[in-house]
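The values are calculated or read from the model by the stated rules, or taken from the named source; none is laboratory data. Keep in mind the model is a prediction, meaning the values are calculated, not measured. Virtual Cβ from ideal backbone geometry, glycine too; neighbours counted across all protein chains shown. With ligands, DNA and RNA removed, areas are computed over all heavy atoms of the protein, side chains included. Shrake-Rupley method; radii C 1.70, N 1.55, O 1.52, S 1.80 Å.
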Amino acid sequence: QVQLVESGGGLVQPGGSLRLSCAASGSLSSINPMGWYRQTPGKQRELVADITSAGSTNYADAVKGRFTISRDNAKNTVYLQMNSLKPEDTAVYYCYLWKLRVYWGQGTQVTVSS
């Protein structure tokens, strides 16, 4: 089993920054891809960014140049640094890890509002 615990969400003004963290525990290996999705009410969950154990990254067009994903394999933790936040970034952000199937975190709310 794999458990994912997210932290770092909250309320921020437009143009501000937040850093999300997701710590994985359980039966893991360093080769597991990890990443972040987000979801707003009435919409499907959408990919924000993901990262391989080798550090290769992939971003949604909407966040390129503003968000940075990184990971610490020794700590089994993935991070999402979010800069220049916009109101349309408001969503519940979910961490995921792939190991034969997708494991999800519980989600953390990010609200961008003045």
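List the pairs whose first member sits in the stretch 87-100 and is under 15 Å from SER25 (Cβ atoms), whose second member is of a type in the set (S, T, N, Q), and whose Cβ atoms are under 7 Å apart, counting only residues at least 6 apart or on separate chains?
That search, which allows pairs on different chains as well, returns LEU97/ASN32; LYS99/ASN32.
Find all pairs meeting these conditions: Cβ atoms under 6 angstrom apart; at least six residues apart or on different chains; first residue within the stretch 24-38 and free of Cβ contacts under 8 Å to residues at least 24 places away in the same chain; second residue of a type outside the set (Phe, Trp, Tyr) and open to solvent by less than 50 Å² (accessible area, probe 1.4 Å).
Pairs found: ILE31/SER53.
Could you check, for the stretch 90-113, whether at least one of its residues is at pLDDT below 95, out of contact with any Gly (no Cβ under 9 Å at 6 or more places or on another chain) and of a type in the set (A, V, I, L, M, F, W, C)?
yes
Restricting attention to the stretch 10-20, does a residue exist that is more than 25 Å from SER114 (Cβ to Cβ) and surrounded by fewer than 18 Cβ atoms within 10 Å (Cβ to Cβ)? Working first, answer last.
At the first step, the residues of the stretch 10-20 found to be more than 25 Å from SER114 (Cβ to Cβ) are none.
Within the stretch 10-20, not a single residue is more than 25 Å from SER114 (Cβ to Cβ) and surrounded by fewer than 18 Cβ atoms within 10 Å (Cβ to Cβ).
Name the single residue, out of those in the stretch 1-20 being in a strand (DSSP E or B) and under 23 Å from LEU100 (Cβ atoms), that is modelled with the lowest pLDDT.
VAL2
Considering only residues of the stretch 53-83 that are among the polar types (S, T, N, Q) and in contact with a Phe, Trp or Tyr (Cβ under 9 Å, 6 or more places away or on another chain), which is surrounded by the most Cβ atoms within 10 Å (Cβ to Cβ)?
Within the stretch 53-83, the first condition is being among the polar types (S, T, N, Q), and the residues that meet it are 53, 56-58, 68, 70, 73, 76-77, 81, 83.
The next check asks that each one be in contact with a Phe, Trp or Tyr (Cβ under 9 Å, 6 or more places away or on another chain); those that pass are 68, 70, 81, 83.
Details: THR68: 16, SER70: 14, GLN81: 14, ASN83: 14.
The extreme case among them is THR68.
Going by the conditions given, is ALA23 open to solvent by 30 Å² or more (accessible area, probe 1.4 Å), aliphatic (A, V, I, L, M), within 19 Å of TYR103 (Cβ to Cβ) and within 12 Å of the chain's Cα centre (by Cα)? Walk me through it before giving the result.
Values: open to solvent by 30 Å² or more (accessible area, probe 1.4 Å): yes; aliphatic (A, V, I, L, M): yes; within 19 Å of TYR103 (Cβ to Cβ): yes; within 12 Å of the chain's Cα centre (by Cα): yes.
Yes, satisfied.
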